[in-house]
1. Do we find that residue 92 is buried (at least 20 other Cβ atoms within 10 Å of the Cβ), more than 15 Å from ligand 2 (Cβ to nearest atom) and assigned to a helix (DSSP H, G or I) in this structure?
2. Return the pairs, sorted by first residue and then second, in which the second residue is more than 10 Å from ligand 1 (Cβ to nearest atom) and not in a helix (DSSP H, G or I), the first residue lies in the range 106-132 and is over 20 Å from residue 218 (Cα atoms), the beta carbons are less than 9 Å apart, and the residues are 6+ apart or on different chains.
3. Please find, within the range 158-184, the residue that is surrounded by the most Cβ atoms within 10 Å (Cβ to Cβ) out of those that are within 18 Å of residue 99 (Cβ to Cβ) and away from ligand 1 (no atom under 16 Å from the Cβ).
4. Within the range 120-132, work out how many residues are crowded, with 18+ Cβ neighbours inside 10 Å and more than 12 Å from ligand 1 (Cβ to nearest atom).
5. Every residue in the range 230-246 that is surrounded by fewer than 17 Cβ atoms within 10 Å (Cβ to Cβ) and in a helix (DSSP H, G or I), please.
Ligand SMILES: [Fe+2]
Ligand SMILES: [Fe+2]
């Protein structure tokens with residue numbers, strides 16, 4: 001396994017890798033060879049029964065992790081303008097690292113660009129026309145993530161970089177929210193219809209195989225844990241704080 005990759009995703013020391021490997025043993029996904037081999041074992045006493053995750057659902061819940069990173073970016077842009085010192089560069093760096101490893105290198109490069117977009121590019125109609133735009137957005141996203149990683153590697157963000165960084169965070173969020181929304185509602189359903197049931201089952205297992213190969217275990221669970229840590233460190237982990245105020249008439 002690529003140790004560097006694992007550490008980047010973990011965003012912490014090697015202790016994180018242990019968590020990752022541990023997460024693998026408690027994964028609730030099915031469809032892998034390992035799980036198939038154990039499918040008659042059933043859950044241990046006190047454990048929840050495994051829940052099947054389809055290939056399309058897998059992609060969509062990965063978007064869930066990436067959307068949580070976008071929420072961190074969005075909040076960071078607001079805070080940077082109010083009080084730049086309230087946004088620790090290392091927290092933004094961890095978020096950008098997670099987006100790079102889990103979003104750009106895995107979700108986009110290993111899954112969408114290999115298994116989803118080529119199928120739809122061959123189709124006729126409006127869906128095929130989205131593919132080139134989505135690919136160019138992947139490329140633009142990687143450029144912006146490079147910028148986030150370089151600017152957050154310092155101990156503090158230079159004052160003349162605060163506004164450009166806030167703007168870049170906002171434009172990244174805007175682009176990727178639209179990107180993921182089109183994939184969830186147009187691209188993945190079209191791919192699902194084109195692929196057929198049997199192929200989707202095979203791909204669910206394939207996706208898990210790729211994830212295990214890249215992350216040494218359940219990358220989703222590890223990424224989720226990392227996102228929760230990032231949110232906690234920024235004081236964003238209380239969902240209720242985002243409940244909209246009542247309308248005053
Ligand atoms: Fe994408
Ligand atoms: Fe995606």
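1. Taking the combined requirement at face value, the residue satisfies it.
2. Between residues of the range 106-132 that are over 20 Å from residue 218 (Cα atoms) and residues that are more than 10 Å from ligand 1 (Cβ to nearest atom) and not in a helix (DSSP H, G or I), the close pairs are 128/122.
3. First pass over the range 158-184, keeping only residues within 18 Å of residue 99 (Cβ to Cβ): 165-181, 183-184.
From the residues that got through so far, the ones that are away from ligand 1 (no atom under 16 Å from the Cβ) too are 165-171.
Details: 165: 22, 166: 20, 167: 13, 168: 19, 169: 25, 170: 15, 171: 13.
Applying the filter and picking the extreme gives 169.
4. Just the residues of the range 120-132 that are crowded, with 18+ Cβ neighbours inside 10 Å, to begin with: 120, 127, 130-131.
Pick out the ones that are also more than 12 Å from ligand 1 (Cβ to nearest atom) and you get 127.
Final tally of qualifying residues: 1.
5. 232, 233, 239, 240, 241, 242
Every read-out reported here was derived from the displayed coordinates using simple, explicitly stated rules and does not represent laboratory data. Here the structure is a predicted model, which is why all the values come from computation and not from measurement. Quick reminder, even Gly has a Cβ in these numbers, built from the backbone with ideal geometry, and neighbours come from all protein chains shown.
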